[in-house]
Amino acid sequence: MALLVSLVFLLLLTLIGVSSLRNATLQEKMAASLSLRNQSFQAAESALRAGEGAVQQGHYTLPACARCPPPAESSGVTAAGANSHSGVTWVATDQGFYGVQNLGATLDAVNLPPHTAATLYRVTAVGVAGHSRTVLESIYAKY
């Protein structure tokens, strides 16, 4: 009888141990995924600042596009260079890419004095870390 109780108790302890091991493995995977997501977000922020810095240069010019939807290839861009479909030229940074589109001129840009002429640029940045990819976008008013 004691042998049977001992075997059942050993089986229960084994099941608890296996379950704990699965939970620990799952938590480790989630932590790694969160870390990669954080790194890709930081890389995208860095690329966004680099793109805004490029637009901010006094000599920066780019022809206005007729139709300017956000670049669809941002979710899969893997190399720097011009994209024939969207017309965006992707520039490589340390861990990502950025692309700039000239949205045209306006007199009604937010946070500028009324009737101030400004050219609007869409800066799209992609950060990549492992299998995680983050896409950020900003509108930059240059006046």
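Below, the figures for the structure above:
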quantity: Some residue of the range 15-37 being surrounded by 15 or more Cβ atoms within 10 Å (Cβ to Cβ), closer than 25 Å to Gly76 by Cβ and polar (S, T, N, Q); calculated: no
quantity: Lone qualifier among Ala92, Ala54 - being among the small types (Gly, Ala, Ser), surrounded by 13 or more Cβ atoms within 10 Å (Cβ to Cβ), under 14 Å from the mean Cα position of the chain (by Cα) and modelled with pLDDT of 95 or more; calculated: Ala92
quantity: Selection count, the range 95-111, where residues are touching a Pro at 6+ places or on another chain (Cβ under 9 Å) and at pLDDT 90 or above; calculated: 4
quantity: Pairs, first surrounded by 19 or more Cβ atoms within 10 Å (Cβ to Cβ) in the range 112-132, second acidic (Asp, Glu), C-beta under 8 Å, six or more apart; calculated: Arg122/Glu137; Val123/Glu52; Val123/Glu137; Thr124/Glu137; Ala125/Glu45; Ala125/Glu137; Gly127/Glu45
quantity: Phe97 in a helix (DSSP H, G or I) and either under 15 Å from the mean Cα position of the chain (by Cα) or free of Cβ contacts under 8 Å to residues at least 24 places away in the same chain (or both); calculated: no
quantity: Top-ranked residue in the range 57-89 [being among the aliphatic types (A, V, I, L, M) and not in a loop (DSSP other than H, G, I, E, B); ranked as surrounded by the most Cβ atoms within 10 Å (Cβ to Cβ)]; calculated: Ala64
quantity: Members of the range 103-117 that are under 27 Å from the mean Cα position of the chain (by Cα) and small (Gly, Ala, Ser); calculated: Gly104, Ala109
quantity: Single match in Ser20, Ser6, Ser40 (criterion: of a type outside the set (Asp, Glu), assigned to a helix (DSSP H, G or I) and in contact with a Gly (Cβ under 9 Å, 6 or more places away or on another chain)); calculated: Ser40
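Residue-by-condition table, conditions (1) modelled with pLDDT of 90 or more; (2) closer than 30 Å to Ala31 by Cβ; (3) out of contact with any Asp or Glu (no Cβ under 9 Å at 6 or more places or on another chain):
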| position | (1), (2), (3) |
| --- | --- |
| Ala44 | yes, yes, yes |
| Leu62 | yes, no, yes |
| Ala80 | yes, no, yes |
| Ser84 | no, no, yes |
| Ala117 | yes, no, yes |
| Glu137 | yes, yes, yes |
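The values are calculated or read from the model by the stated rules, or taken from the named source; none is laboratory data. Being a predicted model, the structure only gives us computed values, none of them experimental. Don't worry about glycine lacking a Cβ; one is built from the backbone with ideal geometry, like all the others, and counts go over all protein chains shown.
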